[in-house]
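The values are calculated or read from the model by the stated rules, or taken from the named source; none is laboratory data. Predicted, not measured: the structure shown is a model, and the values here were computed from it. We place every Cβ from the backbone using ideal geometry, glycine too, and count neighbours over all the protein chains shown. The area values use the complete protein model at the heavy-atom level, side chains included, leaving out ligands, DNA and RNA. Shrake-Rupley method; radii C 1.70, N 1.55, O 1.52, S 1.80 Å.
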Amino acid sequence: MKKILKLIGLLLIASLNSQTHRFVYELQLKMDSTESDYQKFNMILDINSQNVKFYGRNLLIADSLNKKFGNIDNKHVDMTGQIVKRKPNTFDNENFINIKFGYYSFKTNDKITWNISSETKKVQNYTLQKATANFGGRSWIAWFNKEIPFNEGPFKFSGLPGLIFEISDTKKNFIYHLIKHQKLQDIYPTEDFLESNFGDKAIPINEKQKQKLLLEFYNDPFSFERTNFSKTNNNLNININGREIHSIDELNMQVKSMQEIIRKYNNPIEIDKAVHYKN
């Protein structure tokens, strides 16, 4: 955790008004729970008087480049599955997800019941207190600070009497550490990359429809390419992951390969909502 966190207490004020408090977390996650390697992402928690938003920093970078150069050609697809938006001090989340070529949103209620321990530890000049909870089919350990008056944390982890500095599941598949804080003078606009994905406005669905879309993608991840083959009597050269495909048989092999990848990296943070893909 960087020394810049020492400034947090000086920057916080009782009322957010039109300001945005931005907290940056380093997220380490295992795409495959059976492996030891982690993928690392910088994630952003924006808190203002209207909303709490959590999303990947790469989305913010792509949006900043688009605004600088006046276009929406610089797109980015979130790889964490952790884009959420909610009202402050609530558990009602709006979730955003990319599936194939579509961008979707669905609503969930994610109330978390915390068990607050008397155990504390020091991180730099901050005293952090321990709390535990079960959420999403995983057991979690959080460390929060009572002196920072936001009952928020990364992803859907909220409801503690202070800001979460660290949180991880007990099997260490997902590990978050707070690394930076900024105070922005205005409410930061996210409509170009959160509520929509660089020109594609989120289509509202429910969780059942989300599961159906994910299964449809798994069953035939190259359905668009397959349609093109049928329209051209198999006389079409297409490129998938750098490989030229010249026949339906070759396309089917790519489907099997992609399905193996999807099954291998099927380790969502809410494991109780994981899609059960058939081999």
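Can you say whether residue 253 is more than 30 Å from residue 141 (Cα to Cα), free of Cβ contacts under 8 Å to residues at least 12 places away in the same chain, among the hydrophobic types (A, V, I, L, M, F, W, C) and in a helix (DSSP H, G or I), as far as the supplied structure shows? Steps first, please.
Values: more than 30 Å from residue 141 (Cα to Cα): yes; free of Cβ contacts under 8 Å to residues at least 12 places away in the same chain: yes; among the hydrophobic types (A, V, I, L, M, F, W, C): yes; in a helix (DSSP H, G or I): yes.
When the stated conditions are applied, residue 253 passes them.
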I'd like the residue in the range 191-215 that is in contact with a helix residue (DSSP H, G or I) (Cβ under 8 Å, 6 or more places away or on another chain) and part of a loop (DSSP other than H, G, I, E, B) and, out of all such residues, is farthest from residue 46 (Cα to Cα). 205
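Yes or no: residue 182 open to solvent by 60 Å² or more (accessible area, probe 1.4 Å), farther than 21 Å from residue 53 by Cβ and touching a residue at least 12 places away in the same chain (Cβ under 8 Å)? Please lay out each step first, then the result.
Working: open to solvent by 60 Å² or more (accessible area, probe 1.4 Å): yes; farther than 21 Å from residue 53 by Cβ: no; touching a residue at least 12 places away in the same chain (Cβ under 8 Å): yes.
No; evaluated as a whole, the condition is false for this residue.
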Can you confirm whether residue 172 is under 21 Å from residue 268 (Cα atoms), open to solvent by 10 Å² or more (accessible area, probe 1.4 Å) and modelled with pLDDT of 90 or more? yes
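Residues 23, 54, 41: which one is in contact with a strand residue (DSSP E or B) (Cβ under 6 Å, 6 or more places away or on another chain), surrounded by 13 or more Cβ atoms within 10 Å (Cβ to Cβ), within 17 Å of residue 191 (Cα to Cα) and at pLDDT 80 or above? Outline the logic, then answer.
Working: 23 fails: within 17 Å of residue 191 (Cα to Cα); 41 fails: within 17 Å of residue 191 (Cα to Cα).
None of the other options fit; the residue is 54.
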Scanning the range 128-148 for residues that are over 23 Å from residue 83 (Cα atoms) and part of a loop (DSSP other than H, G, I, E, B) gives 146, 147, 148
Count of residues meeting criterion [over 17 Å from residue 269 (Cα atoms), assigned to a loop (DSSP other than H, G, I, E, B) and of a type in the set (Ser, Thr, Tyr)] in the range 69-127: 2
For residue 62, only one of the following conditions fails: (1) in contact with a Lys or Arg (Cβ under 9 Å, 6 or more places away or on another chain); (2) outside any strand (DSSP E or B); (3) open to solvent by 10 Å² or more (accessible area, probe 1.4 Å). What is its number? (3)
